[in-house]
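Have a look at the structure below before the remarks.
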Amino acid sequence: ISLERADSQIVSFTNTESSYMGGAHGSYYTKGVNFDPVSGQQLSLKDVVEDYDQVYAYTKEYLEREFDSEAFFPDYQDTLQAMFYGGDQGVSPLEWTMDTEKVILYFSQYVLGPYSSGAFIVELPFAAEGQQMVKEEYIAQTGGSVRRLWEWEELSVDIGTEKRELSYAIQT
C-alpha cells in the first residue's frame, strides 16, 4: 500500500497486488482506493472531476499520443470506454488515485494491452488544455507532504502549537 494523499478532502492510496497461476510470468495489479475522510464514503472519479467526459477524452488522447498503437490490444478503445462508462461486465473498474498535483489513472497489465506492454499510467493535471479538470475543493490549498511510516516507527509532528509523537501497530 502506498499513500498518495491524506488531507481534509481526500485520502488516496494504491494497493498493489500480484498473482501467479502458472505460465511464464505472474501478474501485477494496481488498485486505487479513495475516500472522503469525514464521511468515510468511497469516492468515484466522477466525484472529484469537473467534466467526466472531458477526462475520458483527455485519457484517450494521452494514450494515443504517448504510446505506440502496437502496445495496445486491437479493441482497447472499447475496453477504455467500458471502464469509464460501464456496460461490459468483463471489464475491470477504472483505478485511480490523487496526489496534491494530479489524478493518476492506472491500467494494469492485460487491461489495454499484452503483458509485454506493461502497465499504462495516465497523469491528469488539475488543469489541462486551459480548463479546470478537478473540482476546486479537491485542489490542495496548502503545501504538505506524505511520508511512509513503518509499523512501530515514531514520527514527531507539530499539530497546532503542540509537538506530538505518532506511531501505529497492526492488531491481529
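The values are calculated or read from the model by the stated rules, or taken from the named source; none is laboratory data. Source: prediction; values computed, not measured. Cβ placement follows ideal geometry from the backbone for every residue including glycine, while neighbour counts extend to all protein chains displayed. These accessible areas exclude ligands, DNA and RNA; they are computed on the full protein's heavy atoms, side chains included. Shrake-Rupley method; radii C 1.70, N 1.55, O 1.52, S 1.80 Å.
Need the failing condition index for L63 against (1) modelled with pLDDT of 95 or more; (2) touching a Leu at 6+ places or on another chain (Cβ under 7 Å); (3) buried (at least 18 other Cβ atoms within 10 Å of the Cβ), just the number.
(2)
Among (1) more than 21 Å from F126 (Cβ to Cβ); (2) under 15 Å from the mean Cα position of the chain (by Cα); (3) not charged (D, E, K, R), which single condition is Y56 missing?
Against the list (1) more than 21 Å from F126 (Cβ to Cβ); (2) under 15 Å from the mean Cα position of the chain (by Cα); (3) not charged (D, E, K, R), Y56 comes up short only on (1).
Rundown of residues vs (1) assigned to a strand (DSSP E or B); (2) within 16 Å of V134 (Cβ to Cβ); (3) open to solvent by 70 Å² or more (accessible area, probe 1.4 Å), yes/no style:
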| position | (1), (2), (3) |
| --- | --- |
| S8 | no, yes, yes |
| S12 | yes, yes, no |
| S18 | yes, no, yes |
| Y29 | yes, no, yes |
| V33 | yes, no, no |
| G40 | no, no, no |
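If I filter segment 146-169 for residues that are among the small types (G, A, S), more than 20 Å from the chain's Cα centre (by Cα) and in a strand (DSSP E or B), do I get at least one hit?
There is at least one residue in segment 146-169 that is among the small types (G, A, S), more than 20 Å from the chain's Cα centre (by Cα) and in a strand (DSSP E or B).
Among the residues of segment 45-56, which ones are surrounded by fewer than 12 Cβ atoms within 10 Å (Cβ to Cβ) and farther than 28 Å from S18 by Cα?
Residue satisfying the conditions is D53 alone.
Just name the residue that is modelled with the lowest pLDDT out of those in segment 154-172 that are open to solvent by less than 70 Å² (accessible area, probe 1.4 Å) and touching a strand residue (DSSP E or B) at 6+ places or on another chain (Cβ under 9 Å).
So, considering only residues that are open to solvent by less than 70 Å² (accessible area, probe 1.4 Å) and touching a strand residue (DSSP E or B) at 6+ places or on another chain (Cβ under 9 Å), the one modelled with the lowest pLDDT is V157.
Per-residue answers, yes or no, for (1) surrounded by fewer than 19 Cβ atoms within 10 Å (Cβ to Cβ); (2) within 19 Å of the chain's Cα centre (by Cα); (3) of a type outside the set (D, E):
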position: H25; (1), (2), (3): yes, no, yes
position: L43; (1), (2), (3): no, yes, yes
position: G86; (1), (2), (3): yes, yes, yes
position: S92; (1), (2), (3): yes, yes, yes
position: V122; (1), (2), (3): no, yes, yes
